[in-house]
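Engineer: Take this structure, written in structure tokens, and hold onto it; I'll ask about it next.
Each reported figure results from applying straightforward, stated rules to the coordinates on display, with no laboratory input. No experiment lies behind these values; they were computed from the predicted model shown. Cβ placement follows ideal geometry from the backbone for every residue including glycine, while neighbour counts extend to all protein chains displayed.
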Amino acid sequence: MDPRATLGLTVLFIVLLATAGCRKEEETPQGGGPTGPTPAFLNVPGWVIDSIGPPYQTPGNPLTVEGIALGRRLFHDPLLSDDQTISCATCHEQDHAFSDPRPFSIGTDGSVGRRNAMAIVNLAWDQHFFWDGRRHSLEQQAHDPVVDMAEMRNTWPVVVQRLQQDPTYVSMFMDAFGTETVDSILVVSAIAQFERTLVSFGSPFDRYRYGGDTLALTPAEKRGMDLFFRDAHCVDCHRDVTLADHGLRNNGLDLLPLDSGAYEYTGNPSDIGRFKVPTLRNIAVTGPYMHDSRFETLEEVVSFYANDVELNSPNLDQHMFPWMIGQVDLDPSEQADLVAFLHALTDPVFLTDPSFGAP
Ligand code: HEC
Ligand code: HEC
């Protein structure tokens, strides 16, 4: 690895530890200059690092102020799509925690995809991307939508040529990566850096559980939290502080899954019906729900877990055992409490932070 990159990483992690407790992204003055890009860091609460460690870094792509600024611009730029009408942000809207409120996203020619666009929240701690987990880094992931025929329908040579002809971009690539020669690897590297800054741990639940603010949750939300972490067994899969577990599991939606999930790329029958366990952070604003948007509301989701889990679904996850033995029994008022708790997972600062919006 480039020694400068190693240094950047070291600085990142030291600063991460030293600044535990604060939240806001540090602003460092722009401009790579002769000394190279400026190492950047995520200010992540100490209790997050204690629980799940520092965020992953792809070797050779450390966070820098200039890389993040470039990635942010690219994420919001329709130039990436063939007819220059759709950016990443078109399907990943900030006020919906970077998910798509439409059941299925619509590509540049009006073609409709078959899955809901997922939220982009705390993915710096993730190693499986897409509903079926088929990509293993944010860099790899960002390559796909540009050439997806139901999304941006473009080709990388066209994207690279457009960027290379834009003097602002050329100088931003110089500042971020020390070269004026744009290529697809640098484009996805910058986008991944920006996505890693999309960190959200500022909900009322966090203030209550980790900040000692006993008034942050209402009584109903507290009852819902107790159910979530105990009798309703939600935490068995929505497990760590990201409220995901970074695994691919079948939560029993269907007897015969129409979308076979992870099986599609592994070809392994034991993967039929397995999907990524999504984060529940900001879940109140990321509907509709599940990979195929089958539920419009959180009430419907909770009612599914209370009443409609398909116990004969192929490869039903072992964590659904409490359902198999009839242990999860949620009456209507408990279901309402669970829904109330899910609403307490919204981080309003994340949804409005101007540093994540279009530059
Ligand atoms: C036309 C709508 C559309 C556009 C444009 C789009 N996406 Fe997506 N995105 C989706 C859909 C749909 C999924 C889920 C697809 C799947 O699982 O098969 C997704 C999934 C993702 C994921 C996976 C999240 C996770 O938790 O695994 C990331 C990250 C992401 N997109 C980033 C991007 C970036 C970066 C761009 C721009 C280069 C982009 N998207 C452009 C619709 C879109
Ligand atoms: C076996 C592991 C497992 C358990 C236990 C579990 N979930 Fe899930 N959850 C998943 C998976 C996997 C998905 C995505 C399924 C899909 O789309 O195919 C999901 C999806 C969701 C979604 C929709 C997320 C989105 O972005 O669309 C919500 C909300 C949710 N679960 C809440 C809960 C609640 C509340 C409980 C407890 C009653 C619970 N889950 C228990 C694995 C689990």
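Engineer: Hey, can you grab everything whose amide H is under 5 Å from the amide H of SER99? Only 5+ residues off in sequence or another chain; H modelled, so Pro and N-termini drop out.
Structural biologist: GLU93, ILE120
Engineer: Report the net charge of residues surrounding GLU139, where surrounding means a beta-carbon distance below 15 angstrom and charges are Lys +1, Arg +1, Asp -1, Glu -1.
Structural biologist: Result for the local shell: -1.
Engineer: Moving to a separate point now. I need the peptides 38-45, 271-278 ranked by packing, meaning the mean over residues of other C-beta atoms within 10 angstrom, with the highest value on top.
Structural biologist: 271-278, 38-45
Engineer: Run the Debye formula on the Cα coordinates of the range 204-348, all scatterers equal and no solvent, and tell me log10 I(q)/I(0) at q = 0.11, 0.18, 0.20 1/Å.
Structural biologist: Rounded to two decimals, the profile gives -0.41, -1.08, -1.30.
Engineer: Another question about this same structure. How large is Rg over Rh for the chain, taking Rg from the Cα atoms and Rh as the Kirkwood inverse mean of 1/r across Cα pairs?
Structural biologist: Radius of gyration relative to Kirkwood radius: 0.98.
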